[in-house]
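The values are calculated or read from the model by the stated rules, or taken from the named source; none is laboratory data. Treat the numbers as computed from the prediction; the structure is a model and nothing was measured. Cβ coordinates were reconstructed from backbone atoms using ideal geometry, including for glycine residues, and neighbour counts include every protein chain displayed. Side chains included, ligands, DNA and RNA excluded: accessible areas come from the protein's heavy atoms. Shrake-Rupley method; radii C 1.70, N 1.55, O 1.52, S 1.80 Å.
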Amino acid sequence: MQSLNILQIDASARPGISGVDPRGSHTRRLTRRFVERWQAARPQDSVTYRDVGQQPPSPVSSDWIAAAFTRPERRDEAARAQLAESDMLVQELLRADLIVIGAPMYNFGLPAQLKAWVDNVVRVGVTFGFDRSRQGEPYWPMLPAGKRLFILSSRGDYGYDPGGRLGDINLVERGLSVPMSYLGLTQTHSIAIEYDEFGDERLRASISAAEAAVDALVAELARNAAEVVEREPVMA
């Protein structure tokens, strides 16, 4: 049976897990539940864990940009050192079939730590191609086809889903799905916990609904795991 690779990323600044630790993270609760349910169904699959909330990647700098836009064969030791962390994060993304990201809403968008991860894996010549002489669109995705992105979020208010009362100012899912689709990762699933700032029965109901949605999604995909991922290269 073909095994799959899961990349689990937690981005919450809160180190604990809600329901277990005081003031714990709802998104960590959902990512842990997703991975535990998946491993119970498919113990042969591997998991790579990255906690950008507690160990954030370095933000992009001018030296990083200069190194990234230098051809690999022309990079000196300093340039290679600038990209070492990015190279590691990119390799984790390339190896993953399922990318499970706990992405809490901070001021309507992504935590800075998670945005730093995005900026480190969006790499010209590595995860997307660019050729100004190319006819038509000069950009193309370079991630292998078939990867799936799972965005497990939490927010303090309610109505952030598309068409909801606050849907237009929800930048979390788009903050991930847009750059990831640019790289070729176009299959996205989103589940969120709402009402965190209310802390009443509505929050408890939202947690239960989100956990049930995670369970149902994992059960459906794990049953058809052979079709979840088709490892095919994206052609330029």
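The table for this structure:
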{"quantity": "Centre separation in Å (Cα based) which lies between the stretch 84-116 and the stretch 177-198", "calculated": "12"}
{"quantity": "Long-range HN-HN contacts of residue 190 with modeled amide H, under 5 Å", "calculated": "151"}
{"quantity": "Between 0 and 90°, nearest 10: helix 201-223 axis offset from the chain longest Cα axis", "calculated": "50"}
{"quantity": "In order through the stretch 18-33: 3J(HN,Hα) via Karplus (6.51 cos²θ - 1.76 cosθ + 1.60), integer Hz, x for Gly, Pro", "calculated": "5, x, 10, 10, x, 6, x, 7, 6, 5, 5, 4, 6, 5, 4, 4"}
{"quantity": "Extension gain (nm, one decimal) between residue 135 and residue 20, 0.36 nm per residue minus Cα-Cα", "calculated": "35.9 nm"}
{"quantity": "Low-density loop cleavage sites - trypsin sites (Lys or Arg not before Pro) in the stretch 1-107, where at most 16 other Cβ are within 10 Å (DSSP)", "calculated": "23, 75"}
{"quantity": "Debye equation applied to the C-alpha atoms of the stretch 78-213, log10 I(q)/I(0) at 0.16, 0.19, 0.20 Å⁻¹", "calculated": "-0.88, -1.11, -1.18"}
{"quantity": "Full-extension gain in nm, residue 58 to residue 107, via 0.36 nm per residue minus C-alpha separation", "calculated": "15.5 nm"}
{"quantity": "Placed amide H near residue 129: partners under 5 Å, 5+ positions off or other chain", "calculated": "140, 142"}
{"quantity": "Distance in nm between pseudo-label sites at residue 215 and residue 161 (7 Å out along the Cβ direction from Cα)", "calculated": "1.9"}
{"quantity": "Principal axis box of the stretch 1-96, alpha-carbon based, largest edge first, Å", "calculated": "49, 40, 15"}
{"quantity": "Mean ellipticity per residue at 222 nm, deg cm²/dmol - from DSSP H runs of n ≥ 4 across the chain, formula -39500 (n - 2.57)", "calculated": "-11500 deg cm²/dmol"}
{"quantity": "Longest to shortest principal axis, alpha-carbon extents of the chain, angstrom", "calculated": "59, 42, 34"}
{"quantity": "Amide H contacts under 5 Å for residue 100, placed H, 5+ residues apart", "calculated": "7, 8, 9, 150"}
{"quantity": "Cα→Cβ-extended label distance, 7 Å offset, between residue 65 and residue 13, nm", "calculated": "2.6"}
{"quantity": "Heavy-atom accessible area ranking, 1.4 Å probe, most first, across 36, 197, 85, 92", "calculated": "197, 36, 85, 92"}
